[in-house]
Amino acid sequence: MIWLFRMDVTERLLNAKVVIFLGFLWLAVEFLRSVLDSLEKV
């Protein structure tokens, strides 16, 4: 039972890390887009 609980916690932590990673990736893409836009305008 404890082992199953640990597996569940590990899965949740991995899911959280994936979500956070995707969030950072999205922010980086948005940031790069804004930088490229400002470079094109100059």
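Please verify whether the range 11-18 includes one or more residues that are at pLDDT below 95, out of contact with any helix residue (DSSP H, G or I) (no Cβ under 9 Å at 6 or more places or on another chain) and in a loop (DSSP other than H, G, I, E, B).
No.
Would you check if PHE5 is among the aromatic types (Phe, Trp, Tyr) and over 22 Å from the mean Cα position of the chain (by Cα)?
yes
Return yes or no: is TRP26 surrounded by 10 or more Cβ atoms within 10 Å (Cβ to Cβ) and part of a helix (DSSP H, G or I)?
yes
The values are calculated or read from the model by the stated rules, or taken from the named source; none is laboratory data. Since this is a predicted model, take the numbers as computed values, not measurements. Neighbour counts run over all protein chains shown; Cβ positions are idealised from the backbone, glycine included.
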